[in-house]
Amino acid sequence: MRLPFRKHRRPVGDPSVGGAVLRFALGGIAALTVVGVVTFLVLRDVGTNEALKNAREVTAIVGKSIVEPNLSPALVRGEPAALARFNALVHERVLRDPIVRIKIWTPGGRVVYSDARSLIGQRFELGADEVASLRTGQVDSGVSNLSLPENRSERGQGKLLEVYLPVRVPGGPRLLFEAYQHFSSVAASARSIWLAFLPALIVALIVLYLLQLPIAASMARRLRRGSRDREALLERAIDASSAERRRIASDLHDGVVQDLAGLSFNLAAAAERCEAEGDAAGAEKLRQGAEQARQGVRGLRSLLVEIYPPSLQQAGLASALSDLLGPVAARGIETSAEVRSDLSLPPDDEALIFRVAQEAVRNAVAHGQPSRVDLSVQASNGHVLLTVADDGLGFDPARAEGMGEGHFGLSMLRDLAREAEARLDVKSAPGHGTQVSLEVPRR
């Protein structure tokens, strides 16, 4: 008997490979989107930091090259002529985009100079960052707090960035130079920086994505080939098992079975001769031997039906299933078989149904201790349904399939059913019997 194993496998370029590549492609798009968003955020932060660095550098250049050389003690004292000269310098050389306002502070918080003339001479408390800049000599920056009194003249300018650094009056004290810049110019500078990197990022991500697709397709093909190789190994194993069963059945039938049958005839003939000669005791012993030989023949023939049922191919599925239940009935177990005799199925489907029925009956008798086994094969709704039910001890299917013994054949039968596009269901519970169902589509 050749067990079922479907030949119509999908080719390498089949929808299963395409589906795997499509899923990989969709996953790749999602992953690249995440990478792109994260990279964009990093580039934006880098651009902002670079723009702030540029703003500090511009302020430092202005402070050190223009403002500091033109500071004087007279300016610090607030002399009008010195303020006028410095104011003209500031408007001519300092108040250019992006700088919109400047202030010069003493360490005590007095405004020495501002292009907002009303602030000159007023005192305000310096912030912690400004004090730290005076103390360390470092250039620092921060977004202006326009709610502070010293920033009231800037409230109509929009969001501003303050950059401050210490400057020194020749022969005099250290002062704090503070320049205000439009934050929009800083943001524009940051945007121009990360936009310069964006095309390269997009191209790199697209190239990376496109390079992954052939790799994904190759991996899917390898997996499919591996699956086909495993299927081929299973098919060869099943064919080898079927061939070996057929060989063993043939050897038993042509050898031991025939020898035992001949022995039973010879013993029966010898018993008749002994009885004719008046040896009743000898005749009785010979008859017992003949009967034991016939019982051995019947047992071997029942075994042959289990190993390789010739009636499956010769007389059809109904006869083979009836033969399958013969040894069960001989054990004193009630049996019933309801199989449509006019059911016409492909050989592979008949073999699958018989194999499942054989395994279900064998498990029921070997493990279930049933008093009754019922078998039926019905056709409905374009399917053929095999049902094998017993009233035995039952079991836990989930545990039995993973134990490697007992109901070990269930996992293999599920694989065979799946390959045949059929469905195998096992319903059982301890103390409630077992029902094995196989649903095969009609072809």
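Derivation of every value follows stated rules applied to the coordinates shown; laboratory data play no part. Please read these numbers as outputs of a predicted model, since none were measured by experiment. Ideal geometry is used to build each Cβ from the backbone, glycine not excepted, and the neighbour counts take in all protein chains shown.
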TODO: Could you tell me what percent of the DSSP beta bridges with both partners in the chain are antiparallel, to the nearest 5?
DONE: 90
- [ ] For the chain, evaluate the Debye formula with one uniform point scatterer on each Cα (no solvent term) and list log10 I(q)/I(0) at q = 0.12 Å⁻¹, rounded to two decimals.
- [x] -1.05
Task: Between segment 417-435 and segment 134-171, the Cα center-to-center distance that results, in Å - done: 81
- [ ] Within 10 Å, count the other beta carbons around each residue, average over each peptide in 269-282, 370-383, and list them highest first.
- [x] 370-383, 269-282
Task: Dipole magnitude of segment 99-174, debye to nearest 20 (Cβ charges: Lys/Arg +1, Asp/Glu -1, about Cα centre) - done: 220
Task: segment 260-280 and segment 183-232: distance between their alpha carbon centers, rounded to Å - done: 90
Task: Within a Gaussian network of the chain (alpha carbon springs, distance under 10 Å), most fluctuating of ALA417, ALA74, ALA55 - done: ALA74
- [ ] Would you kindly calculate the mean projected area, averaged across all directions, of the convex hull enclosing the Cα atoms of segment 352-401, in square nanometres?
- [x] 4.1
Open item on the list: Is there a quick way to get the dipole size of segment 1-235? I mean about its Cα centre, with the Cβ of Lys and Arg at +1 and of Asp and Glu at -1; what is the value in debye to the nearest 20?
Closed with: 1420
- [ ] Sequence neighbours fewer than 8 away in the same chain don't count; with that in mind, list the lysines whose C-alpha is under 28 Å from LYS53.
- [x] LYS64, LYS103, LYS159
Open item on the list: With n ≥ 4 as the cut-off for DSSP H runs, can you work out [θ] at 222 nm for the chain, using -39500 (n - 2.57) per run divided by the number of residues, rounded to the nearest 500?
Closed with: -18500 deg cm²/dmol
Task: Selection from LEU83, LEU208, LEU300, by position along the positive dipole direction of the chain (Cβ) - done: LEU83
Task: Alpha-carbon centroid distance for the pair segment 313-359 / segment 46-86, whole angstrom - done: 103
